[in-house]
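To start, the structure itself, in structure tokens.
The values are calculated or read from the model by the stated rules, or taken from the named source; none is laboratory data. Small disclaimer: the values here were computed from a predicted structure and weren't measured. Here the Cβ is made from the backbone with ideal geometry for all residues, glycine too, and neighbour counts use every protein chain on show.
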Amino acid sequence: MTDFVQLWVYLSTTPLFGLTATLVVYAAAQAIYRRLEQTPLANPVMWSVIVLAGLLTLSGTPYPSYFSGAQFIHFLLGPAVVALAWPMWQRRIELRQRAVPLVLAALVGGVAASASAVAIAWALDLPSDLIRSLAPKSVTAPVAMGIAQQLQGIAAMAAVFSVLTGLVGAVSSHYVFRGLGPLSAHVRGFAIGTAAHGIGAARALQIDADSGAYAGLALGIQVILSAILLPLAALLL
């Protein structure tokens, strides 16, 4: 038992630990997700976060030690987001024809997502820096952190709120859309991409190619609009 503890202490301080733990946990979560026929409540990203957070807490592993290995996967986030442009390129003609309605829908959806979060936080009398960190919650995490810094919020909290928003959107969207009745793949994809950014777009891609393409488009438009409009709104208010 002593030898096992010593081995665990050694492995938990090496970059191999973070990389291996992330890959093994996600692979297991993905296998269970497929086994359960991709039910939203078994979302592999959500369960990977829960399991890894529990593993780090129980083992007492500092986050920097974990991230020293997991950063190799983190690096792939950029290429993965860029790859979302390919389905959009394949549908560039229809997207060009719908450009104005799509931008207007993204603007309305982004305003609703940000304003509702800020209004609820203000009603609950949360600290002003947390309210500012909540404003970009429906933007993908790296961009949300940059926007939060411009708003004088807390970048780390903005990342947490962004990830939580994506997870909630990816899990709940199936039930929300089912309650709303028949909707086209375009509408479903654009809605989840607007509200739940990259994590929602990944869920949309697993269901339908058209839905995933429109989710990726919504993600991109939301990033541009939020990066420009949220700092301007903060100055005006």
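The single condition from (1) of a type in the set (A, V, I, L, M); (2) out of contact with any helix residue (DSSP H, G or I) (no Cβ under 6 Å at 6 or more places or on another chain); (3) surrounded by fewer than 24 Cβ atoms within 10 Å (Cβ to Cβ); (4) in a helix (DSSP H, G or I) that Leu167 fails is (2).
Let's see how each residue does on (1) surrounded by 15 or more Cβ atoms within 10 Å (Cβ to Cβ); (2) in contact (Cβ under 8 Å) with a residue 12 or more places away in the chain; (3) polar (S, T, N, Q); (4) assigned by TED's automatic domain parsing to the domain that holds Ser226:
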| position | (1), (2), (3), (4) |
| --- | --- |
| Val100 | no, no, no, yes |
| Gly110 | yes, yes, no, yes |
| Val118 | yes, yes, no, yes |
| Asp129 | no, yes, no, yes |
| Ser133 | yes, yes, yes, yes |
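Scanning segment 52-78 for residues that are touching a Gly at 6+ places or on another chain (Cβ under 7 Å) and closer than 28 Å to Gly220 by Cβ, we see that the one that is modelled with the highest pLDDT is Phe67. Out of curiosity, is Leu95 modelled with pLDDT under 85 and more than 24 Å from Asn43 (Cβ to Cβ)? It is true that Leu95 is modelled with pLDDT under 85 and more than 24 Å from Asn43 (Cβ to Cβ). Has segment 29-39 got at least one residue that is touching a helix residue (DSSP H, G or I) at 6+ places or on another chain (Cβ under 9 Å), closer than 19 Å to Val168 by Cα, at pLDDT below 85 and not hydrophobic (A, V, I, L, M, F, W, C)? Checked against the condition, which is being touching a helix residue (DSSP H, G or I) at 6+ places or on another chain (Cβ under 9 Å), closer than 19 Å to Val168 by Cα, at pLDDT below 85 and not hydrophobic (A, V, I, L, M, F, W, C), segment 29-39 yields at least one hit. Checking Val49, Val82, Val45, Val25 one by one, the residue that is farther than 16 Å from Leu167 by Cβ and either modelled with pLDDT of 75 or more or assigned to a helix (DSSP H, G or I) (or both) is Val82 and no other.
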